Amino acid sequence: MKGFNNKNESDTHGNHRDRTLPNGDFLICSGDFSKYGIDIENYAFLNWFRVQPFKHRILIGGNHDEDLPRTPELFDFTGVHYLNNSAVELDGIKFYGLGASPSEFTMPFTYFAERSGLESYT
């Protein structure tokens with residue numbers, strides 16, 4: 001995305017407060033921001049994420065972000081574009097988010113790789 005100041009974060013596993021982020025246009029978290037996936041971790045991350053100095057904040061869940069796919073209505077996404085098999089257009093750029101990844105285990109945002117597609121996506 002030429003002409004934009006972007007930052008992508010992933011796999012912080014609860015250590016997001018250790019990050020010092022510059023001002024920018026797009027901050028994208030592509031999963032695994034929590035270590036255990038419990039509510040208090042999710043609330044703490046969202047409270048930190050929404051105040052980062054970026055014009056837009058995009059969040060896509062990962063397999064450690066336990067409660068997001070099951071109960072997204074419990075979380076306040078004010079100032080955050082939460083993408084779960086969905087898209088958003090921001091400043092003329094379309095972003096699509098799907099946190100699914102193949103796994104041998106049943107975890108959030110996973111599907112069984114031996115199946116034909118994402119029909120088992122959780």
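The values are calculated or read from the model by the stated rules, or taken from the named source; none is laboratory data. It should be emphasised that the depicted structure is a prediction, and the values quoted were computed from it without experimental measurement. A quick note on method: Cβ atoms are made from the backbone with ideal geometry, for glycine too, and the neighbour counts reach across all protein chains shown. SASA here: full protein model, heavy atoms, side chains in, ligands and nucleic acids out. Shrake-Rupley method; radii C 1.70, N 1.55, O 1.52, S 1.80 Å.
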> Considering only the stretch 66-90, how many residues are more than 10 Å from the chain's Cα centre (by Cα) and part of a helix (DSSP H, G or I)?
Replying inline: 6
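To keep it simple, each residue is scored yes or no on (1) of a type in the set (Gly, Ala, Ser); (2) out of contact with any strand residue (DSSP E or B) (no Cβ under 6 Å at 6 or more places or on another chain); (3) in a strand (DSSP E or B); (4) surrounded by 14 or more Cβ atoms within 10 Å (Cβ to Cβ).
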| position | (1), (2), (3), (4) |
| --- | --- |
| Pro22 | no, yes, no, no |
| Asp25 | no, no, yes, yes |
| Cys29 | no, no, yes, yes |
| Phe33 | no, yes, no, yes |
| Ile40 | no, yes, no, no |
| Asn47 | no, yes, no, no |
| Gln52 | no, no, no, yes |
| Lys55 | no, no, yes, no |
| His64 | no, yes, no, yes |
> Lys7 passes all but one of (1) of a type outside the set (A, V, I, L, M); (2) touching a His at 6+ places or on another chain (Cβ under 8 Å); (3) in a strand (DSSP E or B); which number fails?
Replying inline: (2)
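Restricting attention to the stretch 68-108, and to residues there that are β-branched (Val, Ile, Thr) and out of contact with any strand residue (DSSP E or B) (no Cβ under 9 Å at 6 or more places or on another chain), which single residue is modelled with the lowest pLDDT? Steps first, please.
Our first condition is that a residue be β-branched (Val, Ile, Thr); within the stretch 68-108, this holds for 71, 78, 80, 88, 93, 106.
Narrowing the set further to residues that are out of contact with any strand residue (DSSP E or B) (no Cβ under 9 Å at 6 or more places or on another chain) leaves 71, 78.
Details: Thr71: 76, Thr78: 93.
So the residue we want is Thr71.
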>> If I go through the stretch 66-76 residue by residue, how many of them are among the hydrophobic types (A, V, I, L, M, F, W, C) and open to solvent by 40 Å² or more (accessible area, probe 1.4 Å)?
In response: 1
